Structures are given as structure tokens and as C-alpha cells.
1. Given the criteria over 27 Å from K152 (Cβ atoms) and of a type in the set (S, T, N, Q), does T119 qualify?
2. Just give me the residues in region 92-129 being farther than 16 Å from R35 by Cα and aliphatic (A, V, I, L, M), in sequence order.
3. Considering only region 103-143, state which residues are of a type in the set (D, E, K, R) and more than 11 Å from L86 (Cα to Cα).
4. Just one of A133, A153 is part of a loop (DSSP other than H, G, I, E, B), touching a helix residue (DSSP H, G or I) at 6+ places or on another chain (Cβ under 6 Å) and among the hydrophobic types (A, V, I, L, M, F, W, C); which is it?
5. Go through region 46-74 and give me each residue that's in contact (Cβ under 8 Å) with a residue 40 or more places away in the chain and among the aliphatic types (A, V, I, L, M).
6. Quick check on my filter: what residues within region 146-169 are surrounded by 15 or more Cβ atoms within 10 Å (Cβ to Cβ) and modelled with pLDDT of 80 or more?
7. State the number of residues belonging to region 110-121 that are part of a loop (DSSP other than H, G, I, E, B) and in contact with a Phe, Trp or Tyr (Cβ under 9 Å, 6 or more places away or on another chain).
8. Does S111 satisfy the criteria of being farther than 20 Å from G134 by Cα and among the polar types (S, T, N, Q)?
Amino acid sequence: MPQRILYGPPLPPRAAEPRRPWGKGYIFKEDISDRDYVVVEEVADEYVGIAVSPWPRVCEDGGLDFGDEEDRRPALVDRTSFQRRLADRRVVAYEMPAGAEEALRARPLASGDVFAIETKLPKGREDLRDEKAGWIKGTVVDVTAMARDAAKASMLAALSGTPMSVDEATALSESHPEPPAEPPPQA
């Protein structure tokens, strides 16, 4: 059913064409589109607040679609266990200079970090602190840099009033700068 705006005619229905998974075939070293998109929203002393969504699809305007609201799940997880699992299983989705990936594995969690994770979250439970890191299956792919680039591109497109085409968004995503040869010093 078309959406209605306050004044004016109804909006035309959206095309039902399938949307391609974000990053598949042009950003990431491997296909990670079958994993969940996990965003660190809060880091506290003993827990981490995360938001888990299906892997995003690219919209016609170049933005990312994370599915329906009911597909997104918040959760609280044990900070120490999550950090330990990252140290063991964190990989990046793109090529990095020698030594940088090891430094990334040791970096503490921060709000805004984004990962591709195959999760096994129990339905209806948000507090998983007693599960330790048992909700994570396999490797944890760090996609933070690309996710931040995609968010910036989406924000700039919204502010400019000119939506980006999928090709423009793809070109912008592919043009992210190379990571530094050495990670920045930790405070």
C-alpha cells in the first residue's frame, strides 16, 4: 500500500526488485552478507550494549536498508568475554598493512564499532551477559571503517538534497582511504 504524505497525492509504490547486499563483491575480501550486522552502541564497565540487524541491502538511492524494525534486536553482552573473543577471532574485511591487524585485535571496544558476526541470539532475550561470548559463531569481521564511510555518504546525500545512485554510493565506498601503516597510539 502506498504511503501518504500530509498534503498531496499518495507516493507511488516502491519497486519490488531485489536489493543487493551491501559490500558484496566490491568492498569486502569475502562474502559476509549471510552474517548479522552488529553495532556497539554502549560500552560500560561490565557490559556492552549492541544492536543486531540483518545484513543491510543497498537501496535505490545508495542508502542502506536494515530490514523491518522487528528484525532488529538490542542486546546486552558481557564486555570481558566479547573483548576476549575479538582478540581471538577479529579479522578485517579489507587488506591492512603488516602488524595492523594484530593491533586492531588488541584495541578496546568502542561505541560505533561495527562487525559482521554469525550470531546465535536466543529469541526474546536481550540480556545475554551470562552467556559470555557463546552467542558468537566463527570469526568476527570488523567492518567499522566501511560502515562509517557508508554512514557519512548517506548523511551527505541527505544534507545535499540530492540522492546518490547505487553506482555513486559504490564508487564512494570503494574510495575509502588506506588505513595508516601504524595504528594511532592508545591513551
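1. Judged against the criteria, T119 is not a match.
2. Those that are farther than 16 Å from R35 by Cα and aliphatic (A, V, I, L, M): M96, A98, A100, A103, L104, A106, L109, A110, L128.
3. Of the residues in region 103-143, the ones of a type in the set (D, E, K, R) are 105, 107, 113, 118, 120, 123, 125-127, 129-132, 137, 142.
Result: D113, E118, K120, K123, R125, E126, D127, R129, D130, E131, K132, K137.
4. Working: A153 fails: part of a loop (DSSP other than H, G, I, E, B).
Checking each option against the conditions leaves just A133.
5. Residues satisfying the conditions are V48, V52, V58, L64.
6. M146, A147, D149
7. Keep residues of region 110-121 that are part of a loop (DSSP other than H, G, I, E, B), which gives 110-113, 120-121.
With the extra rule that they be in contact with a Phe, Trp or Tyr (Cβ under 9 Å, 6 or more places away or on another chain), the set shrinks to 120-121.
Adding up the residues that qualify gives 2.
8. Yes; evaluated as a whole, the condition is true for this residue.
The values are calculated or read from the model by the stated rules, or taken from the named source; none is laboratory data. Because the structure is predicted, anything quoted here is derived from the model rather than measured. Glycine also receives a Cβ, built like all others from the backbone with ideal geometry; neighbour counts cover every protein chain displayed.
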